[in-house]
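To keep things clear, I will list the structure first and then write my remarks on it.
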């Protein structure tokens, strides 16, 4: 029974904006420490705990912002149950020093949150272990050695059947199945959104059989030439045609995890840059939005994930990159 309770407590993560978690820290630091009721009151007044339409957040989401900051080590509580900034912690000190109150997260802040998340035992044990096949690892090891994780839908049969997800690391031959709604809430609507929000991981969704999450390495600078060489090594020209065409989404699916770069970086710094630099060798072909999404499950969310792996130019969706065979000969 004790083990079950401990497991349940591990899944405290919820959907929060990391910029507001940082703002909660800065608010408490600026006030020299606050009790929970004052955090909620002052946070609403300062605009932290408000929706985009200006309405104040309810008690539950405010609690999750404070609890997230506490669990990640940004805050500590004293004997009087007053929350204080954990200023002696290096990542906390970085966020305080940058002092970007009510601003989107910057690159240094993203990096700080990446390290905060990975060093947290619950975060590793609940989800991030699957990228390495073990539970004890550093942020450096995660970004350098983590492998793509393949996602597929499963049906969980308990007291009441519900749809869930299976995560499979084919490199380490390990699997993770989210067995309860609470686990799904913590992992899919908490940890995954945090990790994507601070550029710790990214996602490529082709369809339900080709859906991955993979680690990013934001410290590694990939030049256009690096992208090009990897593309030419991985893909080969058609034998019977001057022009070869490759689906943009499948190209990203193959190359982005290999280079540990985001989908957007591949779109901007490889595909669009290749078209700009080598118009005689590179073209795009297009399709309609409806043709790209008509098979995607999951309604708008499924459509959004499918479209994220293509490129939109002047309201037209580019689906394939066409490459002249001379590129392989001359580069």
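The values are calculated or read from the model by the stated rules, or taken from the named source; none is laboratory data. Because the structure is a prediction, the values reported are computed rather than measured. Cβ atoms come from the backbone with ideal geometry, glycine included; neighbour counts cover every protein chain shown.
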Only one of these is in contact with a helix residue (DSSP H, G or I) (Cβ under 8 Å, 6 or more places away or on another chain), over 30 Å from residue 140 (Cβ atoms) and not assigned by TED's automatic domain parsing to the domain that holds residue 132: 246, 270, 284. Name it. 284
Considering each of 231, 142, 235 in turn, give the residue that is in contact (Cβ under 8 Å) with a residue 12 or more places away in the chain, over 22 Å from the mean Cα position of the chain (by Cα) and crowded, with 19+ Cβ neighbours inside 10 Å. 231
The listed residue being within 18 Å of the chain's Cα centre (by Cα), outside the structural domain of residue 207 (by TED's automatic domain parsing) and touching a residue at least 24 places away in the same chain (Cβ under 8 Å), out of 292, 259: 259
Of all residues being touching a residue at least 40 places away in the same chain (Cβ under 8 Å), in contact with a helix residue (DSSP H, G or I) (Cβ under 9 Å, 6 or more places away or on another chain) and part of a helix (DSSP H, G or I) in the range 126-139, which is surrounded by the most Cβ atoms within 10 Å (Cβ to Cβ)? Just the residue, please. 131
Restricting to the range 78-122, name every residue that is within 26 Å of residue 52 (Cα to Cα), free of Cβ contacts under 8 Å to residues at least 40 places away in the same chain and surrounded by fewer than 21 Cβ atoms within 10 Å (Cβ to Cβ). 98, 106, 108
Among the residues of the range 200-215, is there at least one that is surrounded by 14 or more Cβ atoms within 10 Å (Cβ to Cβ), in a loop (DSSP other than H, G, I, E, B) and at pLDDT 95 or above? yes
What number of residues within the range 249-283 are in a loop (DSSP other than H, G, I, E, B) and surrounded by 15 or more Cβ atoms within 10 Å (Cβ to Cβ)? 5
Only one of 323, 306 is closer than 16 Å to residue 204 by Cβ, surrounded by 14 or more Cβ atoms within 10 Å (Cβ to Cβ) and in contact with a strand residue (DSSP E or B) (Cβ under 7 Å, 6 or more places away or on another chain), namely 306
